[in-house]
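The values are calculated or read from the model by the stated rules, or taken from the named source; none is laboratory data. It should be emphasised that the depicted structure is a prediction, and the values quoted were computed from it without experimental measurement. Neighbour counts are summed over all protein chains in view; Cβ atoms, including those assigned to glycine, are modelled from backbone coordinates with ideal geometry.
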Amino acid sequence: MAEYQYRIITPEGKEKKGTMESKSTEQITALLKSQGNIVISVGKADLMHKEVKLPFGGSVKARDFSIFCRQFVSIISAGVSIINALEMMTDSTENKTLRKALAGVQEDVSKGESITMAMKKRSKVFPGMLCNMVEAGEASGSLETAFTRMAVQFEKEEKLRQSVKKAMIYPIILVVLMIGILFLMLLWVIPTFMGMFAELDAEMPAFTQAIIDLSDFVQARWWLILLVGGGVFGLIKWYSSTKQGQFTMGWVKLKMPVLGPVQRKTECARLGRTLCTLLGAGVPLVEAVEITARSMSSVHYKRSMLDAKDQIMRGRALSQPLKSSGLFPPMVTHMIGIGEETGDIETMLENIANYYEEDVQTATDQMMALMEPMIIIVMALVVGVMIVAIMQPMMTLYESIG
């Protein structure tokens, strides 16, 4: 399909310009007229008007979806038809990828397709969970409820993601600052001071000489250090992209002393929230477990959920395979088991989600409070070692003069 630019007068009397993909100008003209617009011109988009597709920044985040769901519910609750609501959302959505997908959904719905089928045709943009929730909402006649549930889901997911992001950024800052200060001292500070001592022809203490040798190596072979570091980083990235590497690196992340528990709690919160949302919308348990598995960020939790789906199809309860996996805390499996016995599993899953979402936030805050003094201490140690290396020959020189 080619990309066309159009110029119209909307039913409200406002002039509007835009671009749209279609097979022909006739098809676009017919679509625009069917929406009550007065078509002024339609033609192929030139380079100045074509939408530039960059190789980055084209993803749709959970926050974008939550805003879309909230606004869509508000519009259709006011009595606006779905087609008009999609048009309004297309005009107001800031994310270009989502806006283009919504324009396509509106076009398909205006031709008589269901909104579910239109979204599933654009599965690269709309998550499978959203499509299944909309499908359940259309089948039960509660589309507004489905979008409201998804708005809450996306908001909780975004909050959880931000908490984990904050948990990761502090260790990264620590490592970068350590390496930066170390290189600064070795490349500029140490050579400046040691140049003065070299003129005195004084013998350097063993510790100071070791720092000088390290400084000389960094100055002469800095390119080699960068090359080896880049090679190691690239090798780790490549290994992480392989199937075996994903499992190995996944276990490393789960076993890390601080970040490991945060990731485990995050996956438990995601399990409770996603499964509760899907079951509450009437999605069958087997399908809900499979969708939840795809939402897991850890390959080990993803595999355990897919294994649980197979076990459920054989007649076992959900709590049994989760317990045997050894990945979920006893509280999670016990609460799910109680929910299965009482027939109120949705409430138990929501309680699990609420508990672990709050627990992740608490753990993140505690880790950030711990990392701040650690950064100061580590930086002080690095600088302190360099100061000792500089002070030792100075003290030796003063003693010899005395």
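Key figures for this structure:
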| quantity | calculated |
| --- | --- |
| Flag for SER240 being assigned to a loop (DSSP other than H, G, I, E, B) and among the hydroxyl-bearing types (Ser, Thr, Tyr) | no |
| Unmet requirement for VAL385, which otherwise passes all of (1) among the aliphatic types (A, V, I, L, M); (2) surrounded by 16 or more Cβ atoms within 10 Å (Cβ to Cβ); (3) assigned to a helix (DSSP H, G or I) | (2) |
| Hits in segment 84-117 (condition: within 15 Å of LEU143 (Cα to Cα) and surrounded by fewer than 17 Cβ atoms within 10 Å (Cβ to Cβ)) | SER114, MET117 |
| Index of the failed condition, MET313 passing every other in (1) closer than 30 Å to SER215 by Cβ; (2) more than 27 Å from the chain's Cα centre (by Cα) | (1) |
| Residues of segment 315-333 satisfying the condition of being part of a helix (DSSP H, G or I), crowded, with 21+ Cβ neighbours inside 10 Å and of a type in the set (A, V, I, L, M) | LEU322, VAL332 |
| TRP238 at pLDDT below 85, at negative phi and not aliphatic (A, V, I, L, M) | no |
| Close pairs from segment 167-187: first in contact (Cβ under 8 Å) with a residue 60 or more places away in the chain, partner part of a helix (DSSP H, G or I) and of a type in the set (D, E, K, R), Cβ under 9 Å, at least 6 apart | TYR170/GLU372 |
| Residue that is nearest to GLU346 (Cα to Cα) [pool: residues in segment 284-314 that are outside any helix (DSSP H, G or I) and modelled with pLDDT under 90] | PRO284 |
| Residue match in segment 157-174 (condition: part of a helix (DSSP H, G or I) and over 30 Å from ASP64 (Cα atoms)) | yes |
